[in-house]
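Below: the structure, in structure tokens.
The values are calculated or read from the model by the stated rules, or taken from the named source; none is laboratory data. Every value quoted in this text rests on a predicted model; they were computed, and no experiment measured them. Cβ placement follows ideal geometry from the backbone for every residue including glycine, while neighbour counts extend to all protein chains displayed.
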């Protein structure tokens with residue numbers, strides 16, 4: 001009985017110590033979910049120079065889940081909506097989307113460019129995908145709000 005009690009005490013002590021001293025990784029925000037475009041920024045290379053809200057009736061939605069991205073856009077000034085589908089990958093500072101399929105006009109506009117890499121600023125409820133030129137200067141961003 002003493003031996004069993006000793007083992008129980010060792011196990012309890014081990015659990016208490018390991019739960020107290022274990023290092024928990026810093027949580028990374030997740031891009032998984034549904035997002036709606038709120039505005040655009042123009043940059044002077046690093047700083048925001050202009051904020052442009054979306055036009056009345058314009059909606060652009062992006063959905064990210066399990067490595068897949070889908071987006072749809074409706075613009076009241078355009079005769080038809082647009083959509084695209086593909087895969088994505090993120091790091092703590094970068095978003096890469098590879099478009100695999102979309103509406104005919106979108107696919108024609110893409111021609112051979114199907115992989116898009118953006119600087120990523122991701123928080124719990126917002127994210128910005130920032131276009132950076134070949135010299136590393138910020139030029140433009142799309143700014144999204146989580147809607148689910």
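Tally the residues that are over 17 Å from residue 107 (Cα atoms) and either touching a residue at least 60 places away in the same chain (Cβ under 8 Å) or assigned to a strand (DSSP E or B) (or both), restricting the search to segment 63-80.
Qualifying residue count, segment 63-80: 4.
Could you please let me know if residue 84 is at pLDDT below 95, more than 13 Å from residue 144 (Cα to Cα) and surrounded by 15 or more Cβ atoms within 10 Å (Cβ to Cβ)?
Judged against the criteria, residue 84 is a match.
Condition test on residue 26, is it at pLDDT below 90, surrounded by fewer than 15 Cβ atoms within 10 Å (Cβ to Cβ) and either closer than 29 Å to residue 138 by Cβ or in contact with a strand residue (DSSP E or B) (Cβ under 7 Å, 6 or more places away or on another chain) (or both)?
yes
Taking residue 122, is it surrounded by 14 or more Cβ atoms within 10 Å (Cβ to Cβ) and out of contact with any helix residue (DSSP H, G or I) (no Cβ under 6 Å at 6 or more places or on another chain)?
It is true that residue 122 is surrounded by 14 or more Cβ atoms within 10 Å (Cβ to Cβ) and out of contact with any helix residue (DSSP H, G or I) (no Cβ under 6 Å at 6 or more places or on another chain).
Which of the following residues is under 18 Å from residue 30 (Cβ atoms), touching a strand residue (DSSP E or B) at 6+ places or on another chain (Cβ under 6 Å) and part of a strand (DSSP E or B): 140, 118, 83?
When all the criteria are applied, what remains is 118.
Consider residue 69 carefully, then state whether it is surrounded by 11 or more Cβ atoms within 10 Å (Cβ to Cβ) and under 14 Å from residue 142 (Cβ atoms).
yes
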